[in-house]
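**Q** Take a look at the following structure, please.
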Amino acid sequence: MNSSPVYFHSILLTAHHKEVQENHRAYCSTYGYRHLTHVIASPDNGCRTLLLYKYSLVRKILSSAPADAILVFSDESAAVYAPLSIPDVIGNAEYWFAQCAFHHRPDGSFFILRAGAQALRMVDDILDRMRNISDRMANRWMHAELEGISAHPHDQLIGERHRAILLFTPFGHHLPELSAFVLSFNPTVHENTYDARLVAIFIGYLNQVRARNGKLFDDIDSIQTTQSAYEVINPGKSVALITSYTPNIRRYAAISEANITAYCLHHGYSHHIYRDLPTDMREAVAGNWVKAALLLNHFDEHEQVVWVDADILIHDLTRPLESIVQGNPVTFARDISGHAFNSGFMAFSNTPMCRAYLERVQSLIEAVLDKSGVYASGGDQRFFIEAWQEAGGAAVMPLSDCVSFNSHPALYDADTFMLHYMGYPDRFRVIVMRSDVQRIEQKTATARISREQSVFIPTEGRHGKFFVNRHDTHVGRSLEMYGEWSEPKIALFGQIVGAGDTVIEAGANLGSHTVWLSRKVTGAGAVIAFEPERHVFHLLCTNLVINACTNVTTLQKAVGAEVGEVAFPLLDPHQERNFGSASLKWHWTDKTERVHCTTLDALCLERLDFIKVDVEGCELELLDGATNAIARHRPVVYVEIGSREIRNAVVDKFNQLDYSCWYYITPLFTQDNWRGLEQDVLNGYAVDMVCVPNERFEVAGMLRAAVDDDIVKYLDGQIQWATLDWRLARITRRKLAAE
């Protein structure tokens, strides 16, 4: 073996070269070669300038190299695949180039020169030739400057196995069955499909494999599973995502499955997972042909069904589907190719139009004889587009752009929601998706760390987006864990409140019910929300803004029997507690601030339909200050009853007004919560009463309250009550004679 010293020079001409540089360094460390790196300061220069820099640098290095040295030159478009030794490759020759299989000239991305006069003359000739070639041929990927130099034939192996230089595009997917000394990432071979992200990820993966002395894809080809052919995660939710794949693509489909499941659990969606085709379809069709059938299978179970191909990853796990659906019954994204849209991700609401569309797609598919392959008979996407055109096309079912969702990885940016890894060979698809999952996890972890360091943190729920205090043990914790707070109350309010109503919420807390009330009364109605605790009031205002509740008036005021000023507790937002428990009746902290107190009568409202009262022991004072408003407008009043005295006084007051009072006792935790979690961390009940004007409403399925009744007993600080399922409660509006 030649004992000449080897110097490996990485000449980096573009900005993205970290993985290639590591590949070169690791290769050199294998043999003890000296590795030197040269980085041009202006990578955006034209091709001729970059080539001039490259070969001028080569000449400079040659002119000062030891006479017996072997010099290796590689730019950032070449990486070592099979780590053959440089002396074995060059042998006794003065230079070594390999022929490019694309244009059959020598490939200038990687070559070897033996220092000396012959190499200097060769490089001088290259520099002279560059003065005479056209700008078109000065393209650094055409290697026209190397015309006439003899090179190792592209189809002649080194030894019995290795190509000299293998073009990654289009032959890289044949690895490791094929092998090569060097991989060339020449982007001009297939300009339209060159993917710089794939190249960087692949080289990084190759470096990892070499570092552990492994074989390319050995950690991918061994993936197996014993999971069931069908599974549903988080069943019975209003929104469902459906994915299906066959065992032959499990290597990447399993990555997508885990990602989509995590997304569904975060947002409270169902996830139907088909790890193989349904038994009755396996012999007749290939994978993608089942989309319409499976969507129809689950259509009636949910308010919205969403198809997600098994090569899709959601990059922003916090963003809900509503952000892209935006109330549209059908959601399609334009395709990156010539097709109208891509069927890899499609969302359908449970409407007659959507059902008819899917049934039409299915009928078109059933008429196809050859469904043996994904792309047989033009592929299933052809029929989704045909049915879309029949239905009226974009005029009826508008198309979104191709970057908001269902985006090709080449269109990735910092705001990417979802990528569809279409068109990759399976093994490449795995390494790119796996790399992106790591990035998603890092992004999520960073957000979690930021979240843990913040007092006020974002969450999402059944009724919108909310900021909560991370130390709040009740409303905030419930929204964060379950995506809802006291949902049984909203079930009752939905029977009482209607469009155009005026609602007062005394003790609105952070707005978990205020947002729902705002939407229920619509723009024709109004909500007046009181919250006297300063930090909670700030959360209330924030949550109304981010949920676009423009019909709500917020007041940082207490509500009582008289107008004036009161000392109200100012709670430390950094201390763990129930932030809805601040009260004028009892102070858990010595720190208070002066806040204005008003009465409901002082508002002089022209209309009042519903009052929700949660004022922590001050219920009677509020009602005393609302005597005229209640007598005039006859609203329904929903009030918390935390003691025997409050219960008796409320019942007595409303009996005199020809109201009836009904118990509504509900758990703080329900099994069918938005996120589908089964653990009850709230462990409590709300003991409330709804007071109804007899001439306006009829009540059924509830227990009527009376002074000193035995239905609810207050014993030594404990409350006991008779059992009646809150789900049975019915409040219906009477039809008045004037109507």
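**Q** Which one of these does LYS713 not meet: (1) more than 24 Å from VAL497 (Cβ to Cβ); (2) modelled with pLDDT of 90 or more; (3) in contact with a helix residue (DSSP H, G or I) (Cβ under 9 Å, 6 or more places away or on another chain)?
**A** Only one criterion is unmet by LYS713, namely (2).
**Q** On the given criteria, is LEU608 touching a residue at least 60 places away in the same chain (Cβ under 8 Å), under 22 Å from THR502 (Cα atoms) and either surrounded by 23 or more Cβ atoms within 10 Å (Cβ to Cβ) or not acidic (Asp, Glu) (or both)?
**A** Answer is yes for this residue.
**Q** Another question about this same structure. Quick check, is ARG734 surrounded by fewer than 15 Cβ atoms within 10 Å (Cβ to Cβ) and farther than 20 Å from ILE490 by Cα? Walk me through how you get there before you give the answer.
**A** Working: surrounded by fewer than 15 Cβ atoms within 10 Å (Cβ to Cβ): yes; farther than 20 Å from ILE490 by Cα: yes.
Yes: the conditions hold for ARG734.
**Q** Can you spot a residue in the range 79-98 that is at pLDDT below 95, under 26 Å from ILE133 (Cβ atoms) and assigned by TED's automatic domain parsing to the domain that holds SER179?
**A** No, the range 79-98 contains no residue that is at pLDDT below 95, under 26 Å from ILE133 (Cβ atoms) and assigned by TED's automatic domain parsing to the domain that holds SER179.
**Q** Report, ordered by the first and then the second residue, all pairs with beta carbons closer than 8 Å, sequence separation of six or more or different chains, a first member in the range 370-397 that is on the phi > 0 side of the Ramachandran plot, and a second member that is surrounded by 13 or more Cβ atoms within 10 Å (Cβ to Cβ) and part of a loop (DSSP other than H, G, I, E, B).
**A** SER377/VAL368; SER377/LYS371; GLY393/ALA340
**Q** Looking only at the range 452-484, filter to residues that are touching a strand residue (DSSP E or B) at 6+ places or on another chain (Cβ under 8 Å) and in a loop (DSSP other than H, G, I, E, B); which one of those is nearest to ASN234 (Cα to Cα)?
**A** Per the criteria, the residue is GLY483.
**Q** Moving on. Please list, ordered by residue number, the strands (runs of 3 or more DSSP E) wholly in the range 169-256 having 3 or more residues that are touching a helix residue (DSSP H, G or I) at 6+ places or on another chain (Cβ under 9 Å) and closer than 21 Å to ASN288 by Cβ. Break it down into steps so the answer makes sense when it comes.
**A** Working: elements: 179-184, 230-233, 239-244.
Filter on the range 169-256 gives 239-244.
**Q** Only one of PHE171, PHE181 is of a type outside the set (Asp, Glu) and either touching a strand residue (DSSP E or B) at 6+ places or on another chain (Cβ under 6 Å) or farther than 26 Å from ARG250 by Cβ (or both); which?
**A** Values: PHE171 fails: either touching a strand residue (DSSP E or B) at 6+ places or on another chain (Cβ under 6 Å) or farther than 26 Å from ARG250 by Cβ (or both).
Among PHE171, PHE181, only PHE181 is of a type outside the set (Asp, Glu) and either touching a strand residue (DSSP E or B) at 6+ places or on another chain (Cβ under 6 Å) or farther than 26 Å from ARG250 by Cβ (or both).
**Q** Considering only the range 700-712, how many residues are surrounded by fewer than 18 Cβ atoms within 10 Å (Cβ to Cβ) and either in the same structural domain as HIS266 (by TED's automatic domain parsing) or not in a loop (DSSP other than H, G, I, E, B) (or both)?
**A** The total comes to 2.
**Q** Sticking with this one: Checking PHE568 against (1) more than 20 Å from HIS513 (Cβ to Cβ); (2) part of a loop (DSSP other than H, G, I, E, B): exactly one of these is not met. Which one?
**A** PHE568 satisfies every listed condition except (2).
Residue by residue, here is whether (1) crowded, with 16+ Cβ neighbours inside 10 Å; (2) acidic (Asp, Glu); (3) farther than 24 Å from TYR245 by Cα; (4) in contact with a helix residue (DSSP H, G or I) (Cβ under 7 Å, 6 or more places away or on another chain) holds:
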site: VAL306; (1), (2), (3), (4): yes, no, no, no
site: LEU313; (1), (2), (3), (4): yes, no, no, yes
site: VAL325; (1), (2), (3), (4): yes, no, yes, no
site: LEU364; (1), (2), (3), (4): yes, no, no, yes
site: ASP370; (1), (2), (3), (4): no, yes, no, yes
site: LEU399; (1), (2), (3), (4): yes, no, yes, no
site: SER404; (1), (2), (3), (4): yes, no, yes, yes
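**Q** Next question, about the same structure. Any residue in the range 39-53 that is closer than 19 Å to TRP96 by Cβ, of a type outside the set (Ser, Thr, Tyr) and either surrounded by fewer than 17 Cβ atoms within 10 Å (Cβ to Cβ) or touching a strand residue (DSSP E or B) at 6+ places or on another chain (Cβ under 8 Å) (or both)? Steps first, answer last, please.
**A** Residues of the range 39-53 closer than 19 Å to TRP96 by Cβ: none.
No, the conditions are met nowhere in the range 39-53.
**Q** While we're here: Here's a check for you: in the range 554-593, which residue that is in contact with a Phe, Trp or Tyr (Cβ under 9 Å, 6 or more places away or on another chain) and β-branched (Val, Ile, Thr) is modelled with the lowest pLDDT?
**A** In this case the residue turns out to be THR592.
**Q** Just to be sure, is THR169 free of Cβ contacts under 8 Å to residues at least 60 places away in the same chain, at negative phi, touching a Gly at 6+ places or on another chain (Cβ under 6 Å) and among the polar types (S, T, N, Q)?
**A** Details: free of Cβ contacts under 8 Å to residues at least 60 places away in the same chain: yes; at negative phi: yes; touching a Gly at 6+ places or on another chain (Cβ under 6 Å): no; among the polar types (S, T, N, Q): yes.
No, not satisfied.
The values are calculated or read from the model by the stated rules, or taken from the named source; none is laboratory data. Given the structure is predicted, the values throughout are model-derived calculations rather than measurements. Note that each Cβ is placed from the backbone with ideal geometry, even for glycine, and that neighbours are counted across all protein chains shown.
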